[in-house]
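First the structure, in the form of structure tokens, and then the observations on it.
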Amino acid sequence: MAQNTGVCLGSDAFFPFGDNVERAHKSGVEYIAQAGGSVRDDHVIMTCDKYNIAMAFTGVRLFHH
């Protein structure tokens, strides 16, 4: 997996911690689309910037509790 590049990752939930982004980077992720809305969005954005990962907030959550 370390040889993958240009991978896109989508989630209908938010990313609460930067470690999710770090793990995605190890799998070649360069683009992330996620719902956003975590109180730690600022930390997740900084982690994306660190790895040059483009991230878009969709504002859409498709699951219900």
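The values are calculated or read from the model by the stated rules, or taken from the named source; none is laboratory data. All values derive from a computational prediction rather than experimental measurement. Virtual Cβ from ideal backbone geometry, glycine too; neighbours counted across all protein chains shown. Just the protein is used for accessible areas: all its heavy atoms, side chains included, with ligands, DNA and RNA removed. Shrake-Rupley method; radii C 1.70, N 1.55, O 1.52, S 1.80 Å.
Annotations for the structure displayed:
- Extreme residue, modelled with the lowest pLDDT, among residues of region 46-62 that are under 15 Å from PRO16 (Cβ atoms) and either out of contact with any helix residue (DSSP H, G or I) (no Cβ under 8 Å at 6 or more places or on another chain) or not aliphatic (A, V, I, L, M) (or both): ARG61
- Whenever a residue of region 1-14 is surrounded by 13 or more Cβ atoms within 10 Å (Cβ to Cβ), its partners that are assigned to a loop (DSSP other than H, G, I, E, B), lying with C-beta atoms within less than 6 angstrom and at least six residues away or across chains, give the pairs VAL7/GLY28; ALA13/ALA35; PHE14/ALA35; PHE14/GLY36; PHE14/GLY37; PHE14/SER38.
- Of all the residues in region 1-26, those that are under 22 Å from GLY59 (Cα atoms), assigned to a loop (DSSP other than H, G, I, E, B) and over 9 Å from the mean Cα position of the chain (by Cα) number 4.
- Residues that are open to solvent by 60 Å² or more (accessible area, probe 1.4 Å) and of a type in the set (Val, Ile, Thr) were ranked within region 27-48; the one that is nearest to ARG61 (Cα to Cα) is VAL39.
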